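Structure record follows, encoded as structure tokens.
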Amino acid sequence: MPDSFHLDAVPIRLERCGKTFAGGARALEPLDLTIRGGETIVFLGPSGCGKTTTLRIIAGLENPDPGGRVLFGEEDVTALPIERRNVGMVFQSYALFPNMTVAENVAYGLKVRKIARADRARRVEEMLDLMHLGEFAGRRIDQLSGGQRQRVALARALVVRPRVLLLDEPLTALDAKLRDSLRLEIDRLLRGLGITAVYVTHDQGEAMALGDRIVVMAKGRVAQVGTPREIYYQPADGFVADFIGTMNRLGGMSRGGTLSIGAATLPWTGPDGAVELLVRPEDLALAGEADGHLAGTVAAAVFLGDRTRLVVEPADGPALTVDAAGRSELGRGDRVWLRVDPARLLAVP
Amino acid sequence: MSACVQDRPLSHRPAVRPPAGPGRTGEPLRLAALLAPAAAVFAAFFLLPLVRLILIGAGGAEGWSAYLTTLADPGHLDSLLSTLALSAGVTAVTLAVSTVAGLFLVRNHFPGHALLVALLTFPLAFPGVVIGFMVIMLAGRQGLIGTITQALGGGKLVFAYSMAGLFLGYVYFSIPRVILTVMAAAEKLDPRLEEAARSLGAAPWRVVADVILPALKPALISAGALCFATSMGAFGTAFTLATRINVLPMTIYTEFTLQANIAAAAALSVLLGLITWAALAVARSVAGTSVAAAG
Ligand SMILES: Nc1ncnc2c1ncn2[C@@H]1O[C@H](COP(=O)(O)OP(=O)(O)O)[C@@H](O)[C@H]1O
Ligand SMILES: [Mg+2]
């Protein structure tokens, strides 16, 4: 990527940014968050949890409730409208100007900034090349596919060298295959440009793949902030655990440094009493009758190629999802034993 | 990159070819039979009178050249030009007022909003005579404006019985229809487009010029063409305000009833029809939507 594309990495700070819409609906509880310069942060959560609202507060399309502040670097931009914040925006619906060609769309921000025509043309061309859109420069928007449109939208947002790039579910409108290829493209772009980026999605796969850090949100609150690994392996609560990936729940009893799960007893540190334990499918292993901790019956087996995903019903408690080898011949009705590694068990509040 | 992925343009229009084959030879005949009643009505009530009108225009002592001499008459030419100017002015003012008001009404919701929108459509229900009557009540000799200016010591301002009164009446009559068209179009605007433009640094006026107006353009053109055509042909209001107002429909009426100059009246009528039709045709081709003359 040419040097001229490397952008300033501006940190962003949200201080007590809450949002109450007219009519009294609390969309966002007051939120404090620091986004590091050059970082890609992903807001992840179910629909209606306040992701877009947070993004729009950063963009300057919504004002935070009184008391909230938005800082770009050292500058307090809370009072600035979006047109004076120098942010790039990419929407799910592309939002390209239908009355302009691809090149005119990309040139728009430069034209507004009164960049001289020659300079403008050069920068537009560079950006179109970077996005592999060179051959489409003269096309009308309705002559482009969804993936091409979103690349034009990215080019249009980036060509003005914004201080932060804000993306609201940019891949949601695309079909699965295209989504993967454009996600890789966005990843390459964000790493290459070194720009601070805020990415909103409800898709945990996208969040894990793109985020330096993920902000998991639920009902207008931040449930957890962390790297994809932290979110996956150390979920702060049951909501996060269930939202990201597949999580099994096991009931256990802790007493005097041991944990009983079913008939098995494992070493354990923790206060005495009943505990609910979480464990990922890949952290449960199939074992023999002698060394297994839990016995169960296969209720379903789904062949996924690289592995076979089993749903195992233990004698009591909820069904467990376990991954077996792809070539496993296990099927419905087979009796299996599972081994639990106590180090991989999570007790969450 | 995604060059390797199936990523086709979203809007591909497959070529539609009419199915051909045996068993369809009777089709044109049946179509003609079905169309016959409509064609008869069209001929009887539209084509025949029009042809007759055109012939009458050429039926005077001068024959076909009457069309030219009619226009060469300074009174007639003046009437045509002032009607064109009036209609263009009414269209421009109506579009400006209605665009601002229509956008405002779509973007802002306040108590009484629905009632106001409902009230706005009210003038549509009035015939031209009533509009004229209202202009007189507003700006006539006993009108509201005159009373107020007199009370303020500025002398009685009366303009109902002139082009200005007619202008006011036509604008009043045209605004509701155009506002409704603008509102319908403005409701379909994608707010993300405006937000995208703003994120790129566009000030509010630029967003209007670069995003909103281009999106409203087809609606504005068709509404403007209708407004223009209606103003060209309106008669009731002019007749109510004063018989001396020099607009084309009025001139036609005078030539026809008072001067019994039937050939000139017919020639002017054909001319009026042609101009209005041309305005609508141009609008139709520019806007790409169907625009029908009305009023
Ligand atoms: N302009 C608005 N007026 C009123 N309520 C809104 C508005 N925008 C969003 N909301 C509400 O705020 C909540 C959060 O919305 P949003 O931030 O769009 O969620 P997400 O992007 O996570 O799906 C939702 O309950 C939504 O209905
Ligand atoms: Mg959203």
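The values are calculated or read from the model by the stated rules, or taken from the named source; none is laboratory data. Since the model is a prediction, treat every value here as computed from it, not as a measurement. A quick note on method: Cβ atoms are made from the backbone with ideal geometry, for glycine too, and the neighbour counts reach across all protein chains shown.
Reported count of residues in segment B:208-254, each being in contact (Cβ under 8 Å) with a residue 24 or more places away in the chain, in a helix (DSSP H, G or I) and of a type in the set (S, T, N, Q), is 6. Residues in segment A:85-104 that are within 12 Å of B:Ala197 (Cα to Cα) and of a type in the set (Gly, Ala, Ser): A:Gly88, A:Ala95. Scanning segment A:41-61 for residues that are touching a strand residue (DSSP E or B) at 6+ places or on another chain (Cβ under 8 Å) and within 8 Å of ligand 1 (Cβ to nearest atom) yields a total of 10. Mind listing whichever residues of segment A:253-282 are buried (at least 16 other Cβ atoms within 10 Å of the Cβ) and either part of a loop (DSSP other than H, G, I, E, B) or aromatic (Phe, Trp, Tyr) (or both)? Within segment A:253-282, A:Gly262, A:Trp268, A:Arg280 meet the criteria. Selection of first residues in segment A:35-54 that are within 14 Å of chain B (Cβ to nearest Cβ) and in contact (Cβ under 8 Å) with a residue 60 or more places away in the chain and of second residues that are near ligand 2 (Cβ under 9 Å from one of its atoms) and part of a strand (DSSP E or B), restricted to Cβ pairs under 7 Å at least 6 apart or on distinct chains, gives the following pairs, ordered by first then second residue: A:Thr52/A:Asp168; A:Thr52/A:Val200. Which one is surrounded by the most Cβ atoms within 10 Å (Cβ to Cβ) among residues in segment A:164-179 that are outside any loop (DSSP other than H, G, I, E, B) and away from ligand 1 (no atom under 16 Å from the Cβ)? Per the criteria, the residue is A:Val164.
Just the residues that are touching a residue at least 24 places away in the same chain (Cβ under 8 Å) and within 9 Å of chain B (Cβ to nearest Cβ), please, taken from segment A:91-104.
Across segment A:91-104, the qualifying residues are A:Phe91, A:Gln92, A:Ser93, A:Tyr94, A:Ala95, A:Leu96, A:Phe97, A:Pro98, A:Met100.
Restricting attention to segment A:163-196, the residues being within 12 Å of the chain's Cα centre (by Cα) and either away from chain B (no Cβ under 14 Å) or closer than 18 Å to A:Ile12 by Cα (or both) number 2. Just to be sure before I move on: is A:Gly37 within 16 Å of ligand 1 (Cβ to nearest atom) and either assigned to a loop (DSSP other than H, G, I, E, B) or farther than 27 Å from A:Asp187 by Cβ (or both) in the structure I sent? Judged against the criteria, A:Gly37 is not a match. What do you reckon, is A:Ala236 surrounded by 15 or more Cβ atoms within 10 Å (Cβ to Cβ), touching a residue at least 60 places away in the same chain (Cβ under 8 Å) and not in a loop (DSSP other than H, G, I, E, B)? When the stated conditions are applied, A:Ala236 does not pass them.
Considering (1) more than 10 Å from ligand 1 (Cβ to nearest atom); (2) under 13 Å from A:Glu15 (Cα atoms); (3) within 14 Å of chain B (Cβ to nearest Cβ), the lone condition that A:Pro64 does not fulfil carries the number (3).
What are the residues in segment A:186-218 that are among the β-branched types (Val, Ile, Thr) and within 16 Å of ligand 1 (Cβ to nearest atom), if any? Within segment A:186-218, A:Val198, A:Val200, A:Thr201, A:Ile214, A:Val215, A:Val216 qualify. One residue is enough: does segment B:135-146 have a residue meeting the conditions in a helix (DSSP H, G or I), under 22 Å from the mean Cα position of the chain (by Cα) and under 19 Å from B:Phe235 (Cα atoms)? Yes, because at least one residue in segment B:135-146 is in a helix (DSSP H, G or I), under 22 Å from the mean Cα position of the chain (by Cα) and under 19 Å from B:Phe235 (Cα atoms).
Within segment B:167-197, the set of residues being within 12 Å of chain A (Cβ to nearest Cβ) and aliphatic (A, V, I, L, M) comprises B:Leu189, B:Leu193, B:Ala196, B:Ala197. Can you find a residue that is away from ligand 2 (no atom under 16 Å from the Cβ) and in a strand (DSSP E or B) anywhere in segment A:40-57? Within segment A:40-57, one or more residues are away from ligand 2 (no atom under 16 Å from the Cβ) and in a strand (DSSP E or B).
Residues checked against (1) modelled with pLDDT under 95; (2) touching a helix residue (DSSP H, G or I) at 6+ places or on another chain (Cβ under 6 Å); (3) within 16 Å of ligand 2 (Cβ to nearest atom):
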residue: A:Ala95; (1), (2), (3): no, yes, yes
residue: A:Ala107; (1), (2), (3): no, yes, no
residue: A:Gly134; (1), (2), (3): yes, yes, no
residue: A:Gly146; (1), (2), (3): yes, no, no
residue: A:Val152; (1), (2), (3): no, yes, no
residue: A:Asp187; (1), (2), (3): yes, yes, no
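Taken over segment A:55-71, the criterion of being surrounded by fewer than 23 Cβ atoms within 10 Å (Cβ to Cβ), more than 20 Å from A:Ser93 (Cα to Cα) and touching a residue at least 12 places away in the same chain (Cβ under 8 Å) is satisfied by A:Asn63, A:Asp65, A:Gly67, A:Gly68, A:Arg69, A:Val70, A:Leu71. Out of everything in segment A:106-158 that is closer than 13 Å to A:Tyr94 by Cβ, free of Cβ contacts under 8 Å to residues at least 60 places away in the same chain and at the interface with chain B (Cβ under 9 Å from one of its Cβ atoms), what residue ends up being surrounded by the fewest Cβ atoms within 10 Å (Cβ to Cβ)? Result: A:Asp142. A:Val302 meets the stated requirement of being of a type in the set (Val, Ile, Thr), free of Cβ contacts under 8 Å to residues at least 60 places away in the same chain and either within 16 Å of ligand 2 (Cβ to nearest atom) or surrounded by fewer than 17 Cβ atoms within 10 Å (Cβ to Cβ) (or both). Might you check whether a residue that is outside any helix (DSSP H, G or I), of a type in the set (Asp, Glu), within 16 Å of ligand 1 (Cβ to nearest atom) and more than 10 Å from chain B (Cβ to nearest Cβ) occurs anywhere in segment A:73-90? No - not one qualifying residue is present in segment A:73-90. Taken over segment B:227-284, the criterion of being of a type outside the set (A, V, I, L, M, F, W, C), surrounded by fewer than 18 Cβ atoms within 10 Å (Cβ to Cβ) and within 20 Å of B:Ala139 (Cβ to Cβ) is satisfied by B:Thr243, B:Arg244.
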